[in-house]
Amino acid sequence: MKFTEKLKSLREANGFTQRQIASMLDIDVAVYNRYEKGERYMKRELLDKVATIYHISADELSKYWLAGQVYSLLYKEENAKEVINMVAEDIVEYGINKMVEE
């Protein structure tokens, strides 16, 4: 499931309108609408607020968000699967903390 789909699914499952969520996040409803449509990327700073609204783990939500960020970088690349596999191998070999330090 894409991050955009997760946002919409959470909102609908909890009975909120886009306007209500936008108000809780203190953003314009048009901006939130574009988040759900995948036309705009949500700032990472909003993830904690979204997680709080839906009473879910911010870590779990951030996985979807990060996957969306990676997808947005690679979706047009012919060798995207190879790149993702290389990154996965690097994480296994070096650990994520080592990669972040570099």
Query raised in the report: If the Cβ limit is 6 Å and pairs must be 6+ apart or interchain, which residue in the stretch 22-45 that is under 21 Å from ALA67 (Cβ atoms) pairs with which residue that is surrounded by 15 or more Cβ atoms within 10 Å (Cβ to Cβ) and of a type in the set (Asp, Glu)?
Result: none
**Report entry** Residue pairs meeting the criteria (Cβ under 8 Å; at least 6 apart or on separate chains; first surrounded by 10 or more Cβ atoms within 10 Å (Cβ to Cβ), in the stretch 75-94; second aliphatic (A, V, I, L, M))
**Finding:** GLU77/VAL83; ALA80/LEU74; VAL83/LEU74; ILE84/VAL70; ILE84/LEU74; ASP90/MET99; ILE91/MET99
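Read the figures in this text as sums done on the coordinates, not as results from a lab. In this text the structure is predicted, and so the values were computed from the model without any measurement. FYI the Cβ positions are ideal-geometry reconstructions off the backbone, even for glycines, and counts take in every protein chain you see.
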